[in-house]
1. Does residue 197 fit the bill of being within 24 Å of residue 22 (Cα to Cα) and of a type in the set (A, V, I, L, M)?
2. Filter the range 150-167 down to residues that are of a type outside the set (Val, Ile, Thr), out of contact with any helix residue (DSSP H, G or I) (no Cβ under 6 Å at 6 or more places or on another chain) and either over 25 Å from residue 264 (Cα atoms) or not in a helix (DSSP H, G or I) (or both), then give me how many there are.
3. Please specify each residue of the range 36-61 satisfying the condition of being over 24 Å from residue 131 (Cα atoms) and not in a helix (DSSP H, G or I).
4. Yes or no: residue 151 crowded, with 19+ Cβ neighbours inside 10 Å, in contact (Cβ under 8 Å) with a residue 60 or more places away in the chain and farther than 20 Å from residue 222 by Cβ?
Amino acid sequence: MARTRKTAEEPRMLANYESVINQITDAYPTLSDRFQQVARFLTQNPNIVAMQSINAIAEDCGAHPSILVRFAQHFGFSGFKQLQTVFQTRLSTAAPGYRERISALDADLEKTKKKGNLGFLHDLVVRDIATLQELLNAVTEKDLTDAARALKKANTIFIAGQLRSEPIAQFLRYVLSMLRRKVVLLDSSGGLAQEMAQVMGPGDVLVSIAFRHYAKEVVAITEIAEQNGTPTVVITDSQLSPIAKNASVLFTVPEDEYSFSRSLAAPMCLTQGIAVSLAALLQEDKTASPQIPTVTGNLRRKA
């Protein structure tokens with residue numbers, strides 16, 4: 001009996017979301033500017049890609065629908081609809097996504113929603129709650145453990161975070177200093193951050209923090225770490241971030257556009273989680289909850 005010949009499209013229909021995203025991530029540096037624009041949107045908004053029409057996605061993405069079709073074909077799909085099927089399969093088996101959580105939370109809080117400034121606060125709180133819930137799905141036990149072990153092992157922990165990320169970097173320096181780690185904050189003061197970064201070596205660790213639109217100096221410092229063989233713990237918004245490619249441990253924090261500024265709730269919470277994971281490794285009493293000392297607490301004990 002003659003065997004049924006498989007079509008070229010069948011293997012792509014069986015592709016899972018993770019493999020497709022990895023393929024896009026690997027190819028990203030070689031893509032055209034238009035394709036990179038599409039790649040960023042698809043990887044950062046998978047639920048939108050799954051649920052909306054190609055015209056709506058193209059409008060949100062800022063590209064013509066034909067660009068989306070050619071993008072899908074570039075990665076071996078017959079068209080955009082076939083690529084979209086991969087995102088739809090992921091959504092049908094995943095926990096409720098970011099947008100769905102916002103809608104549900106918004107409905108729950110609608111009775112207390114106020115107009116004016118309190119309404120602005122309402123919108124921010126709803127988005128932060130949804131983002132924090134999504135963070136729980138994005139971060140793994142292994143990632144937190146690997147990050148804590150790298151920070152414990154490091155001779156010196158270098159931290160790079162500027163612009164919007166600077167408060168996160170400052171907070172991380174504080175908690176790591178309280179845990180008696182040797183910490184160097186590579187800030188922009190004096191214009192010597194990149195020169196200071198040149199002393200990083202394989203026995204150190206760089207914690208690199210950047211979100212859209214990525215601080216150029218943080219990107220440059222991360223590249224220096226790669227050149228020097230320094231392991232990196234990266235906190236960013238996407239696998240396609242310029243600081244994500246060669247990360248030793250990568251944390252991607254889900255976020256949404258805000259009308260004025262983007263919230264720091266999720267990345268700050270993640271930073272606290274990393275610090276507590278390190279505290280758990282360092283403490284002698286493994287049965288007690290990990291504690292991070294404070295400056296005021298230390299002063300009271302010395303009094």
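Please treat every number below as a calculation from the coordinates, not as lab data. Because the structure is predicted, anything quoted here is derived from the model rather than measured. So basically every Cβ, Gly included, is an ideal-geometry build from the backbone, and we count neighbours across all protein chains shown.
1. It is false that residue 197 is within 24 Å of residue 22 (Cα to Cα) and of a type in the set (A, V, I, L, M).
2. The total comes to 4.
3. Once the filter is applied, which keeps residues that are over 24 Å from residue 131 (Cα atoms) and not in a helix (DSSP H, G or I), the range 36-61 yields only 53.
4. Considered against the rule, which asks whether it is crowded, with 19+ Cβ neighbours inside 10 Å, in contact (Cβ under 8 Å) with a residue 60 or more places away in the chain and farther than 20 Å from residue 222 by Cβ, residue 151 comes out as no.
Rundown of residues vs (1) in contact with a helix residue (DSSP H, G or I) (Cβ under 7 Å, 6 or more places away or on another chain); (2) surrounded by 13 or more Cβ atoms within 10 Å (Cβ to Cβ), yes/no style:
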{"position": "170", "(1), (2)": "no, yes"}
{"position": "182", "(1), (2)": "no, no"}
{"position": "185", "(1), (2)": "yes, yes"}
{"position": "191", "(1), (2)": "no, no"}
{"position": "195", "(1), (2)": "no, no"}
{"position": "207", "(1), (2)": "yes, yes"}
